[in-house]
Each structure stands twice: as structure tokens, then as C-alpha cells.
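Report on the following structure.
The values are calculated or read from the model by the stated rules, or taken from the named source; none is laboratory data. No experiment lies behind these values; they were computed from the predicted model shown. Please note: Cβ atoms are built from the backbone with ideal geometry, for glycine as well, and neighbour counts cover all protein chains shown. With ligands, DNA and RNA removed, areas are computed over all heavy atoms of the protein, side chains included. Shrake-Rupley method; radii C 1.70, N 1.55, O 1.52, S 1.80 Å.
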Amino acid sequence: MHPIALIVAALRLAAVPLPAQDDAFPRYVDDAAALGVTAMNVNGDADKDYIIEVNGNGAGFFDYDNDGDADLLIANGSTMDSYRSGGDPMAVLYRNDGGRFVDVTEGAGLTKNGWGVGICIADYDNDGHSDVYLTAYGPNNLFRNNGDGTFTDVTEDSATGDDRWGTNCAFADYDRDGDVDLYVANYVAFDEETIPRRGETDNCTFMGAEVMCGPRGLEGEPDALYRNEGDGTFTDVTEEAGIEDPDYYGFGVAFTDFDLDGWPDIYVANDSLPNLMFSNNRDGTFREVGLMSGTALNEQGAQQAGMGVAVGDYDANGLPDVFVTHFSHDTNTLYQNLGGMLFIDSTLQAGLGEISLSYLGWGTAFGDLDNDGFADLFVANGHVYPEIDDLDVGTRFLQRKEIYRNLGDGAFEEIGSAMGGDIGVGKSARGLAMADFDNDGDLDAIAVNINDRPSLYRNQASNGNHWIAFRLEGVRSNRDAIGARVRIEAGGRAQTREVSSGGSYLSHHDLRVHFGLGGAERVDHVRIDWPSGETDELAGVAAGQFVTIREGGGIVGVRVP
């Protein structure tokens, strides 16, 4: 690294710690069964003969009935035999009833069968009700929220169907016209009739064992960008917008303003190939700057098996950093944002390197898990080859979750291994989504475990640290305020978060923006930069509240646990 870049990085890592009341990190307990989240994930047969059987599914937290708590949608796959005859239910919807969950899938009208994959959520028609986009092994589906607890399949009318194998998706207002547009990553051109069988090519072996084939050696499929026309329809503008994807194997997607120019950019993690960074030209087009930005490859110049993507300001310099999960026997990668669309690989310096070698990472998220004012990391892991258990190669098919505590000095400490309990139980996990689903002021999580029931991790924080959360309502901006940046000052330092759709792996986090405050009992100043270009500022907000802020209208609602 250039000496100047080292100096810049060191300066930006300097931070004044928030005064913490207690140094204890919370434990996470899997309460899925006790709280009613019991749906069995279906994703291929146990032998995993095909790549479509190993990539799994995602989940999403969102308040579909506008009652102030986070409901839960979980995508579901199928089996080869079942898919030939129409497939399995593509999703299950759970209504949050005061921290317990009730399956309302049938009543809500989300009963379509097929092979569901990923989830992203946004109010695409600005009517005040969150809608659902569900990717699939063809075709994808858009469900409009009717505002009465039910959804209508508007895929055909909206022109958002796609017969390709869709994976991650994300909404954002890339042209800043007041409604959210849609980016969809696609994976491989899977064809059961022509795909090589295990052991037939070099791409169907792993460390001497015969395994399912791919993705290397298979034909990739290009991603798609849909522009929202504001009348309930979308237009595929991939080509005219300059989204040039050379048929890479698309997985994680982040629709974020990485250079802070007010216009959302697009980052795509690709499996076994370079990642893509599309910089917004602010005229309806993008240019690909992955290599120039430093986010296409790792520090060694190697392409990796990009799976999930987390975006967050881990070093508290006001710039969104990028964390990407990868295959076993390789490290995950942390790209530190230096500004001006320039990133450096800070994986080793942050303590995120060697420790991840035995894990195969998927869903991931930045979040202040202990409310101390610094963004921690949650990672869901699980291998793709059942055969791995018969090899002495330092990894297993079922793997525990990783939790990385942010030490506040630019480094992390992996503490999941010491937590034990439910975090240490081996699963083959895929999607991960975060929300404070029980509205008690700390972040919880769900992980979708392949061919198993989900894990719903409830945060049992007892350290006494304070917090605040914001729900934003756009007026000139899109209704969900996706793309809005919230900056707070509390306890002598600043923190920044962005409202975002999609992310992680095939998943969607709650749109409420959560901040840990450590020992600070109030927020001294709040600044919101809305997607419309407008700015709102507030002062003197007490901690321990869910605060609803309307664009140009200030605080319009407060909820105290």
C-alpha cells in the first residue's frame, strides 16, 4: 500500500469511543421454534447433485401491515422432482404479533409455487405499503401490497418477470425521480439436460472428491436493471444504462451511494469472478469501476467466490465500507472506503483474515449488536459439498455462525467461538437478515438453514447501553426513504447509516435505522440527507425510542418499548 494511503487510513480510523456502561457482549438465543418460525426449508435433495440444490434461500424483515413491528418473509426452494411438476411454495410470510410469529401466507395470497431464491422489499408505488420482489429459478415475481393484509401478483403487468436464475436484488432510486428502481443479479444458465454430471469435468471435483458441477465451466447470465416508470410498470434499461455484466455469476448486491455524491451506485459480488462496481454518472447511466476502485479483487489481485455483501461504516469515518463473504480455504474481504470511490483491502489489518479460512460464508450484516456505537459483523456459514465431511481438509458441511465484535480501533475480534450456545450449533446456513423484531432496542437476526428449519436469533443484551432507531418517510423522495443517509452526534462522536434495500445474501434487513449509543442518554443532533437532495436537521432527541421522521415534516411519531 502507498504510504500516503496508510496515513489516510490511520487518520480516518481515529475515533473517540462512546462511554460504555458495561463491556459485556450480548448472547444470542435461537428462539425460532418457541416463537412460531418453524417452516422447513426445501432446497434440493441431500446428495446435492446439482448446483441449484446448494445455494439456498434468503429472508426479509419488513412491516407489511404497518403496525410498527418487523414481520418476516422467508424464501423457499424446491427439489428437482418437485420442480418438474410445478415446484414447492416459494415463500412463507409470518406476521409479528408482539414478538411471536403467525404464518399468514395463505391469507396474504403469497401462495405461488416454484423455486424461490431471494427477497428484496420496497414500496415501489409510493402508496405507504411495502411490496415484495421474490427472485427465483425463473421466473421472478413482484407482489404488490394491497394495504389490507393481502398481496397481488403484478409480475406480468409490471414487466418485472425474468425466466433466468435470479439471486440477490435491491431497490433504490438511481435516477432520483422519486420512486425506487430495481437491480437483479443473475447466476448461471442452469439446464438439467445439459449440465455436466459429477466427476465428468475438472469443475466437478473438489480436493479429489467428485462433487456437483459449477459454477466454473457453466454459462453465466447477465444482471438486469429495471427503471420504475411511476405508473406501476418497469422498463428493462440494462443496456441503455451501461450495466455491462460479462455474464458473471452474480450473487450479493448493494445499491449504495459509495462516493457520497447523492446518487446511488451498485456493487455486485460475483462467484469465482471479479466483483463489479457501477458508479452512477448522474445522467441515468453507470460506468463499471471495479478494478479502478479496488473492489473487484482482493489485495493479492485474486478473484474470489463472492457470496454475500454487507455495507456499513465500520471505521466511523462517514464512508460506507464493503464486506464480502467467500468460499472456504479463502478469507472474507473487507474493503475500506477512503473516499472518492477508492477502497483498500483492510482484511488482515482488521483481524478478519485467517480466522475465516475454515468457513464458507454467505449472508452477512454490519450492525451494532452490543449498542456500544460501533458496527459489528454477523456472518452465516455453511458448506456446499456434503462430501466435505469425508475429507480431512479443516472444514465441515455444517458450520457455526461468526460474530465479530468491533473494537473501535479499526479491528474486530471474533467472539462467536466463545459464545457457545445456539451460535455455536453447526448448520449449513445461507440467507441472513437483521431487525429488532421484539422492539426491545437491540438487533436480532434470522438465518435460513438449507434443508432445515431457520434460526431466529434473539439478542439478549444486558449491558445497559443506550440506543435509538429511526423510521423515515419520504415525501419528495421515495416513500421508504431508501437511499437516505442518517448522521447522528451523541456522546462526543458521530455515526452514519443509510436506509437500504436488499444486501446480505438473498435477503433484506429491516428498513428502520438502528444506532447504539453506549452510555449517551440522548442524541445531540440528527441530520438526514434525503434522496431528493433535501436535508432535515433535528436536535435533542432522547435515547431509547423508535422515532418516525417525515421528509420536511420533522418527528411525526415516537414509540417507546
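Please give the number of the condition Asn317 fails out of (1) assigned to a strand (DSSP E or B); (2) over 28 Å from Glu387 (Cβ atoms).
With (1) assigned to a strand (DSSP E or B); (2) over 28 Å from Glu387 (Cβ atoms) applied to Asn317, the lone miss is (1).
With the condition kept exactly as written, say whether any residue in region 369-387 is assigned to a loop (DSSP other than H, G, I, E, B), in contact with a helix residue (DSSP H, G or I) (Cβ under 9 Å, 6 or more places away or on another chain), of a type in the set (A, V, I, L, M) and open to solvent by 30 Å² or more (accessible area, probe 1.4 Å).
Step one: filter region 369-387 for residues assigned to a loop (DSSP other than H, G, I, E, B), giving 369-375, 382-385.
If we keep only those that are in contact with a helix residue (DSSP H, G or I) (Cβ under 9 Å, 6 or more places away or on another chain) as well, we get 383-384.
Of the ones still in play, those that are also of a type in the set (A, V, I, L, M) are 384.
When the remaining residues are screened for being open to solvent by 30 Å² or more (accessible area, probe 1.4 Å), the result is none.
No: zero hits.
Among residues belonging to region 441-498 that are in a strand (DSSP E or B), touching a Gly at 6+ places or on another chain (Cβ under 9 Å) and β-branched (Val, Ile, Thr), point out the one that is surrounded by the fewest Cβ atoms within 10 Å (Cβ to Cβ).
Thr496
Based on what the data block shows, is Leu506 in contact (Cβ under 8 Å) with a residue 12 or more places away in the chain, crowded, with 23+ Cβ neighbours inside 10 Å and in a strand (DSSP E or B)?
When the stated conditions are applied, Leu506 does not pass them.
Taking the condition of being of a type in the set (Val, Ile, Thr) and not in a strand (DSSP E or B), how many residues in region 536-561 meet it?
So the answer is 1.
What's the total number of residues in region 149-201 that are assigned to a loop (DSSP other than H, G, I, E, B) and either within 30 Å of Gly262 (Cβ to Cβ) or aliphatic (A, V, I, L, M) (or both)?
Let us first name the residues in region 149-201 that are assigned to a loop (DSSP other than H, G, I, E, B), namely 149-150, 154, 159-164, 173-180, 187, 189-201.
Subsequent filtering for residues that are either within 30 Å of Gly262 (Cβ to Cβ) or aliphatic (A, V, I, L, M) (or both) retains 154, 159-160, 162, 173-180, 189, 195.
Final tally of qualifying residues: 14.
With (1) of a type in the set (Asp, Glu); (2) closer than 23 Å to Trp362 by Cα; (3) modelled with pLDDT of 95 or more as the list, and Glu239 as the residue in question, which single condition is left unmet?
(2)
Just give me the residues in region 275-317 being touching a Pro at 6+ places or on another chain (Cβ under 7 Å), without any contact (Cβ under 8 Å) to a residue 60 or more places away in the chain and within 22 Å of Val379 (Cβ to Cβ), in sequence order.
Ala296, Leu297, Gln303 - these are the residues of region 275-317 that are touching a Pro at 6+ places or on another chain (Cβ under 7 Å), without any contact (Cβ under 8 Å) to a residue 60 or more places away in the chain and within 22 Å of Val379 (Cβ to Cβ).
Check whether at least one residue in region 90-98 is of a type in the set (Gly, Ala, Ser), open to solvent by less than 10 Å² (accessible area, probe 1.4 Å) and either in contact with a strand residue (DSSP E or B) (Cβ under 8 Å, 6 or more places away or on another chain) or in a loop (DSSP other than H, G, I, E, B) (or both), and report yes or no.
no
Which of (1) open to solvent by 10 Å² or more (accessible area, probe 1.4 Å); (2) within 22 Å of Phe206 (Cβ to Cβ); (3) touching a residue at least 60 places away in the same chain (Cβ under 8 Å) is the odd one out, the single condition Gly351 does not satisfy?
All conditions pass for Gly351, except number (2).
Can you confirm whether Val425 is open to solvent by less than 40 Å² (accessible area, probe 1.4 Å) and at pLDDT 95 or above?
Working: open to solvent by less than 40 Å² (accessible area, probe 1.4 Å): no; at pLDDT 95 or above: yes.
No, not satisfied.
Given the structure, is Gly214 over 22 Å from Glu192 (Cβ atoms) and either part of a strand (DSSP E or B) or out of contact with any Leu (no Cβ under 9 Å at 6 or more places or on another chain) (or both)?
no
Pull out all pairs, ordered by first then second residue, where Cβ-Cβ is under 8 Å, the residues are six or more apart or on different chains, the first lies in region 194-209 and is at pLDDT 85 or above, and the second is among the acidic types (Asp, Glu).
Listed pairs, sorted by first residue: Cys204/Glu210; Phe206/Glu387; Ala209/Glu387; Ala209/Asp390.
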